[in-house]
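Data first, discussion second: the structure below is written as structure tokens.
The values are calculated or read from the model by the stated rules, or taken from the named source; none is laboratory data. It should be emphasised that the depicted structure is a prediction, and the values quoted were computed from it without experimental measurement. No Cβ is skipped: glycine too gets one built from the backbone with ideal geometry, and neighbour counts run over all protein chains shown. Side chains included, ligands, DNA and RNA excluded: accessible areas come from the protein's heavy atoms. Shrake-Rupley method; radii C 1.70, N 1.55, O 1.52, S 1.80 Å.
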Amino acid sequence: MYSDYIPDSLDMIEEYERDRERRHRLYEKQARREELADIESEEERIKERWKKSE
């Protein structure tokens, strides 16, 4: 039913820190993706305005 291994508090803290760092990296990646998507959308809007002005 239960594993014989009982993590000590240091193991739990280290795992928590790894998870926190991993989540932070994922949030940073997501923010960069959103920023790139915003830039690409703005570029498309500029191209469309440019085409209409010709």
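Provide a single number: the residues in the stretch 4-19 that are in a helix (DSSP H, G or I) and surrounded by fewer than 10 Cβ atoms within 10 Å (Cβ to Cβ).
Residues in the stretch 4-19 being in a helix (DSSP H, G or I) and surrounded by fewer than 10 Cβ atoms within 10 Å (Cβ to Cβ): 2 in total.
Note down all Cβ pairs under 9 Å where the first residue falls in the stretch 10-37 and is free of Cβ contacts under 8 Å to residues at least 24 places away in the same chain, the second is open to solvent by 100 Å² or more (accessible area, probe 1.4 Å) and in a helix (DSSP H, G or I), and they're at least six residues apart or on different chains.
Pairs that qualify, where the first residue is free of Cβ contacts under 8 Å to residues at least 24 places away in the same chain and the partner is open to solvent by 100 Å² or more (accessible area, probe 1.4 Å) and in a helix (DSSP H, G or I): there are none.
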